[in-house]
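Each remark here refers to the structure printed beneath this line.
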Amino acid sequence: MELPRDRGVAPAMKRPTIGLVLALAACSPAADEEKEDAAAVPEATVAAPRPALMAGDVEGAQLAGELSCAFTERGMRAPLLVASADVDDAARPQGVLKLGSSTLRLKSAGAGGFNAMVRGASFSSGDLTAKVTVTSDKPLDDSEAPPLAAVLEMGSAALGMQRIEGEWTCGP
């Protein structure tokens, strides 16, 4: 999925962030199906879902960059983390993460532009770190920008570390 650095970017690949968030939300089971599944499981074993980013959260973050990637927890509808960057190698990716009821702006540990994010990325904000690692190169579907299996590891000294299984989707 790496893009050539000396060619122009197709218009369809520019500023896909909101479209990516909405497309990921549309690919998940309907809320009614989730309620039925939850009703079949005893109350004590149902884990509270993690809050996910909504389109307004991503818009409000005003991420710079023409292309985006998103991490979505397995079985969830909307992403926990969205990151954007230009194709330029000097560009430093920026991200937004949903943490409880708040959103948190993140910065990449280094430059590298969009291509540096395709196989995973590391971000931080204060002492909080978030690292996406792609765990398989096998696409999970045959779409134009197929998701790849990935893990999000995030945490800080105060919050401890969390490991979340999910998907990393980059592109339009």
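With each pseudo-label sitting 7 Å past Cα toward Cβ, what's the R163-D142 distance in nm, one decimal?
Taking the simple label geometry, R163 and D142 are separated by 3.4 nm.
Sort S84, S102 so that the residue with the fewest other Cβ atoms within 10 Å of its own Cβ comes first and the one with the most comes last.
Exposure proxy ranking, most exposed first: S102, S84.
For segment 77-84, take each phi angle, set θ = phi - 60°, evaluate the Karplus expression 6.51 cos²θ - 1.76 cosθ + 1.60, and give the result in whole Hz per residue in order, putting x for glycine and proline.
Karplus-based 3J(HN,Hα) across segment 77-84 equals 8, 10, x, 8, 9, 10, 10, 9 Hz.
So how do K138, K98, K131 line up by other beta-carbon neighbours within 10 Å, fewest first?
Working: K138 8, K98 20, K131 15.
The order, fewest Cβ neighbours first, is K138, K131, K98.
Apply the Karplus curve 6.51 cos²θ - 1.76 cosθ + 1.60, θ = phi - 60°, to the phi angles in segment 94-105 and return the couplings in whole Hz, x for Gly and Pro.
Here the 3J(HN,Hα) series is 10, x, 9, 10, 8, 10, x, 8, 10, 10, 10, 6 Hz.
Once phi is turned into ³J(HN,Hα) by the Karplus curve 6.51 cos²θ - 1.76 cosθ + 1.60 with θ = phi - 60°, what whole-Hz value does each residue of segment 86-91 show in order, with x for glycine and proline?
Whole-Hz 3J(HN,Hα) from phi for segment 86-91: 7, 5, 3, 4, 7, 6.
With r as the distance between the Cβ atoms of M54 and S125 and R0 = 30 Å, compute the FRET efficiency 1/(1 + (r/R0)^6) and round to 0.05.
That pair, S125 with M54, gives E of 0.95.
Hey, fewest Cβ within 10 Å first, where do V96, V87 land in order? Walk me through the intermediate numbers first.
Details: V96 26, V87 20.
Ranking V96, V87 by Cβ neighbours within 10 Å, fewest first, gives V87, V96.
Would you calculate the separation in nanometres between label points at Q62 and T135, each defined as 7 Å from the Cα along the Cα-to-beta-carbon direction?
Computed distance between label sites Q62 and T135 equals 3.7 nm.
So, in Å, what gap is there between the alpha-carbon centers of segment 68-83 and segment 146-172?
Measuring centre to centre over Cα atoms gives 8 Å.
FYI, it's all coordinate maths here, none of it is from the lab. Everything numeric in this text was worked out from a predicted model, so none of it was measured. Positions of Cβ are backbone-derived with ideal geometry, glycine not excepted, and every protein chain shown enters the neighbour counts.
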